[in-house]
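S.K.: Have a look at this one.
The values are calculated or read from the model by the stated rules, or taken from the named source; none is laboratory data. Computed from a predicted model, the values in this text were never measured in an experiment. Ideal geometry is used to build each Cβ from the backbone, glycine not excepted, and the neighbour counts take in all protein chains shown.
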Amino acid sequence: MEALLAPGAGNNQHAAIPAVCAPQEIEMAQSPYEKEQTIQMVKRVVQHAAAGTTDSTPEIYKLPVETYFPQSWDEEMNAIFRRLPLMLALSCELRNPGDYKALQILDVPVLIVRGDDNKVRAFINTCTHRGRAVTPTSDELGNTKTFVCPYHAWRFATDGKLVAVADPRKFGEVDKCSLNLRELPCEERVGFIFVSLTRGMTFNLDEYLGGMLEELTCLEADKWFVHGRPRLESANWKITHDGYVESYHIPFLHRTTLHELWKRESLSSVSIYDAYGPLDCGPHQRMGGNAWGYDPALMAKMKDVPESDYTEHHFHAVRTLFPMISISANKAGGLVSQLFPISSDRCVTVQNHVSTRDPASMSAEETKAMQDRIALYTAVVRDEDYSSSFSIQAGIKTGAVTEMLFGRNEGGAQNFHKSVAHYVAQYRAEKQAASSATPTESKA
């Protein structure tokens, strides 16, 4: 999955994919933070490669398969998706005032819009008259001066205010100020837009993201353009997510596709993991690895490269934003995947293929090259990763497997599941405290 889509260099993918589709080749200026991180990451990777090791956890992590079943899904949605800030849009999707994005997350229709004041706001996409979505559909991108409900033509401004009621004399007098669209907590930071599905919920992105905020800043995502948004169906959201936080599967599951194309991921490959956020396990992560594959000559030469010459071309990195985002990109672009749980056994992924190239400025040949790249990665994820997710789901339902095992070399997957467990436990504790609170006794 995105673990295998990370930009890197020192591989052979460019022979098959034209340069316009290989943003990793473009040299981008680095901030002091980026340069320091680059040196530290490459240094760790080189040390591991020389020793034949990789980042390892103290032990194998065992997870009961029941955590992938419906009863766990309901609790996870309440504990995580309805309480934590979710990255629901890229700033580049709402580049201009009036740009909006409508989408449905679980049972909540969401409308995200950039107002005339350039501020991004989020609302429940529900007309305060009779409840219909104020956009033509609940899944679309567009630009508008005002939102006119298709049902009875009530009109709302891009800041959510009700500005007009159709045929008001016949309808009757209403208090417009009390009938604005219902706002959701929303914050735009460094090219990413975060929304909470629960009205009145507060969040602090600096605390929640921690050091990941610096990682995101380095991407300069506000300069991207979206070139494609394929949608792919898969099994349970956690089964789907598991493949995004480990590269152990790549030389096996992708042995005839990306493994052959990249000549990078192999039994000798290295994976390093860093966690960011308020938990020891993250919940956000950066997974990095070597970009010279199983070429012994290149691996040997790396030991002689001065640290001052280390660049992002010597490794690849994938960043995950808990609970449902994988970012396999650098400043020049790449792939941002959004994993949307639909039910306990179904998830839909939107693959946002991004680049600093404006599609309107590209030649027909460059556009075709980009389309070919999108088609390649769509097919690989659909036919290999997500096909496997359905197979895994069918297998664990039989009862033949009682535990999922995450190896010492799968630290990213371990961190992900520990993070899920943390937020579920926190939710349970809060529910228990609320239910055990002694109500005030009524006076006789």
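S.K.: Starting from region 74-101, take each residue that is more than 14 Å from Cys186 (Cα to Cα) and part of a loop (DSSP other than H, G, I, E, B) and list its partners that are among the small types (Gly, Ala, Ser) and at pLDDT 95 or above, counting only C-beta distances under 8 angstrom and pairs at least six apart or across chains.
M.R.: As it stands, the answer is Pro97/Gly115, since those pairs meet every condition given.
S.K.: If the Cβ limit is 7 Å and pairs must be 6+ apart or interchain, which residue in region 173-193 that is aromatic (Phe, Trp, Tyr) pairs with which residue that is at pLDDT 95 or above?
M.R.: So the pair list comes out as Phe192/Met87; Phe192/Leu90; Phe192/Ser91; Phe192/Leu216; Phe192/Ala221.
S.K.: Here's a follow-up. In the list Ala50, Ala133, Ala153, which residue meets the criterion of being free of Cβ contacts under 8 Å to residues at least 40 places away in the same chain and surrounded by fewer than 16 Cβ atoms within 10 Å (Cβ to Cβ)?
M.R.: Ala153
S.K.: Something else now. When you go through (1) at pLDDT below 95; (2) in the same structural domain as Leu232 (by TED's automatic domain parsing); (3) farther than 30 Å from His353 by Cβ; (4) basic (Lys, Arg) one by one for Lys418, which number turns out not to apply?
M.R.: Here Lys418 clears every test but (1).
S.K.: Looking for whichever is surrounded by 16 or more Cβ atoms within 10 Å (Cβ to Cβ) and either touching a strand residue (DSSP E or B) at 6+ places or on another chain (Cβ under 7 Å) or among the charged types (D, E, K, R) (or both) here; the options are Glu188, Glu183. Which one fits?
M.R.: Answer to the check: Glu188.
S.K.: Let me confirm something: among Gly411, Gly407, which residue is within 18 Å of Tyr248 (Cβ to Cβ), touching a residue at least 24 places away in the same chain (Cβ under 8 Å) and surrounded by fewer than 20 Cβ atoms within 10 Å (Cβ to Cβ)?
M.R.: Working: Gly411 fails: surrounded by fewer than 20 Cβ atoms within 10 Å (Cβ to Cβ).
That would be Gly407, the only listed residue that is within 18 Å of Tyr248 (Cβ to Cβ), touching a residue at least 24 places away in the same chain (Cβ under 8 Å) and surrounded by fewer than 20 Cβ atoms within 10 Å (Cβ to Cβ).
S.K.: Return only the number of the condition from (1) within 17 Å of the chain's Cα centre (by Cα); (2) farther than 26 Å from Leu209 by Cα that Ile80 does not satisfy.
M.R.: Result: Ile80 fails condition (2) only.
S.K.: Also, I was wondering about something else. Residue by residue through region 219-252, note down the ones that are aromatic (Phe, Trp, Tyr) and not in a helix (DSSP H, G or I).
M.R.: Residues satisfying the conditions are Trp224, Phe225, Tyr244, Tyr248.
S.K.: Ok, one more. State whether the residues of region 418-430 include one that is of a type in the set (Gly, Ala, Ser) and over 21 Å from Asp74 (Cβ atoms). Walk me through it before giving the result.
M.R.: Start the filter on region 418-430 by keeping residues that are of a type in the set (Gly, Ala, Ser), which leaves 419, 421, 425, 429.
Pick out the ones that are also over 21 Å from Asp74 (Cβ atoms) and you get none.
Within region 418-430 (the criterion being of a type in the set (Gly, Ala, Ser) and over 21 Å from Asp74 (Cβ atoms)), the answer is no, since none of the residues qualifies.
S.K.: Does Val350 fit the bill of being outside any strand (DSSP E or B), assigned by TED's automatic domain parsing to the domain that holds Pro278, touching a residue at least 24 places away in the same chain (Cβ under 8 Å) and not polar (S, T, N, Q)?
M.R.: no
S.K.: Could you check region 169-190 and list, in sequence order, the residues that are under 23 Å from Ile112 (Cβ atoms) and in a loop (DSSP other than H, G, I, E, B)?
M.R.: Asn180, Leu181, Arg182, Pro185, Val190, listed by residue number.
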